[in-house]
């Protein structure tokens, strides 16, 4: 079933019917309202241009780059390094023999190690996560010592175990890949345990064309498309038409497009009021001032004035414009509340 996307509100307004206004000199002027109803070309998100490193990325790096680090920080990293150490370091120290702990701390100091893992997107929700991450230092040191002594064939085998290319030929590169391998595994395990996944296809950057995976309600789909609000317990993966994941920093939604429509609608009201004021301005100097003035009426006052100038017979096009502004304002206010709550 095709996805029903939110529609622009200014493009299908009824056309203005020609009508007459009388000037202060008694002259009848035929008039028609003109509108700018298009916001031009648009995208549901700002494209992110990937940095060209000049080398082909290995699978671990590609998987790691698909992690939305900002979402991890908000949802799965509730504590700072200092807070984690205050809560859990004493317990950890009692579980690990001091001689082993001193070696680990000398090569990979806890604070530095924890900060680095946080920056790469490692989830830290409880003591088990804290302990697991610190214990990984044991394996990393063993791999480092092995890397230093093995021959080229065995080092190649170490790379192959992680599907790493031959270009990974320094310990620092291998260490970075291994750390990201662990973080990707932790993140994917967390999602599999605590969330259900929805796959959302974006066509040409302009429309939501398909939803797959966990079924969303009509309201949840609307709030996701309009405001980018993700339901609790749901992980969303955005895809292009070739089923390739979009970069994690991309958050497609219609909200900003409707704000542009609202700004355009306000501009149309101001221009129409200015046009009508010219009919009742008696000299050229006043007409020039009127045409260049900033809006001097609120939207409510503007529509009241326009209704009065049309002898209380509000034209269909002005009524449609007023209704569109009312709906757009409602979307603006609703979005401010929902997005603030979800941040």
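Quickly run through the stretch 282-311 and pick out the residues that are farther than 28 Å from residue 8 by Cα and either at pLDDT 50 or above or in a loop (DSSP other than H, G, I, E, B) (or both).
Let us first name the residues in the stretch 282-311 that are farther than 28 Å from residue 8 by Cα, namely 282-293, 308-309, 311.
Across the stretch 282-311, the qualifying residues are 282, 283, 293, 308, 309, 311.
Any chance the stretch 164-171 includes a residue that's touching a helix residue (DSSP H, G or I) at 6+ places or on another chain (Cβ under 9 Å), part of a helix (DSSP H, G or I) and in the same structural domain as residue 140 (by TED's automatic domain parsing)?
Yes, some residue in the stretch 164-171 is touching a helix residue (DSSP H, G or I) at 6+ places or on another chain (Cβ under 9 Å), part of a helix (DSSP H, G or I) and in the same structural domain as residue 140 (by TED's automatic domain parsing).
Report yes if some residue within the stretch 220-237 is over 17 Å from the mean Cα position of the chain (by Cα) and over 30 Å from residue 144 (Cα atoms); otherwise report no. Steps first, please.
Taking the stretch 220-237 first, the residues over 17 Å from the mean Cα position of the chain (by Cα) are 233.
Still in the running and over 30 Å from residue 144 (Cα atoms): 233.
Within the stretch 220-237 (the criterion being over 17 Å from the mean Cα position of the chain (by Cα) and over 30 Å from residue 144 (Cα atoms)), the answer is yes, since at least one residue qualifies.
If a residue must be free of Cβ contacts under 8 Å to residues at least 40 places away in the same chain and crowded, with 16+ Cβ neighbours inside 10 Å, how many such residues does the stretch 190-214 contain? Break it down stepwise before answering.
Keep residues of the stretch 190-214 that are free of Cβ contacts under 8 Å to residues at least 40 places away in the same chain, which gives 192-194, 196, 198, 203-204, 212-214.
Those left that are additionally crowded, with 16+ Cβ neighbours inside 10 Å: 198, 214.
So the count comes out to 2.
Hey, can you tell me all the residues within the stretch 202-237 that are under 20 Å from residue 338 (Cβ atoms) and part of a strand (DSSP E or B)?
Within the stretch 202-237, 208, 211, 234, 235, 236 qualify.
Scan the stretch 136-172 for residues that are free of Cβ contacts under 8 Å to residues at least 12 places away in the same chain and either under 29 Å from residue 85 (Cβ atoms) or touching a strand residue (DSSP E or B) at 6+ places or on another chain (Cβ under 8 Å) (or both) and jot them down.
139, 142, 145, 172
Restricting the search to the stretch 8-41, which residues are more than 30 Å from residue 225 (Cβ to Cβ) and either assigned by TED's automatic domain parsing to the domain that holds residue 325 or part of a loop (DSSP other than H, G, I, E, B) (or both)?
The answer is 16, 17, 18, 23, 24, 25, 26, 27, 32, 33, 34.
Tell me yes or no: at least one residue of the stretch 162-174 is crowded, with 17+ Cβ neighbours inside 10 Å and modelled with pLDDT under 90.
From the stretch 162-174, those crowded, with 17+ Cβ neighbours inside 10 Å are 164, 168, 174; that's our starting set.
Right, trim to modelled with pLDDT under 90 and you get 164, 168.
Yes, there is a match, as at least one residue in the stretch 162-174 is crowded, with 17+ Cβ neighbours inside 10 Å and modelled with pLDDT under 90.
Checking the structure you have, find out if any residue of the stretch 248-259 is outside the structural domain of residue 321 (by TED's automatic domain parsing), over 30 Å from residue 21 (Cβ atoms), outside any helix (DSSP H, G or I) and free of Cβ contacts under 8 Å to residues at least 60 places away in the same chain.
no
Which numbered condition in (1) in a loop (DSSP other than H, G, I, E, B); (2) modelled with pLDDT of 95 or more is the only one that residue 55 fails?
(2)
Kindly provide the set of residues from the stretch 312-343 that are at pLDDT below 90, within 29 Å of the chain's Cα centre (by Cα) and loosely packed, with under 12 Cβ neighbours inside 10 Å, ordered by number.
337, 340, 341, 343
The values are calculated or read from the model by the stated rules, or taken from the named source; none is laboratory data. Quick caveat: nothing in here was measured; it's all calculated off a predicted structure. Ideal geometry is used to build each Cβ from the backbone, glycine not excepted, and the neighbour counts take in all protein chains shown.
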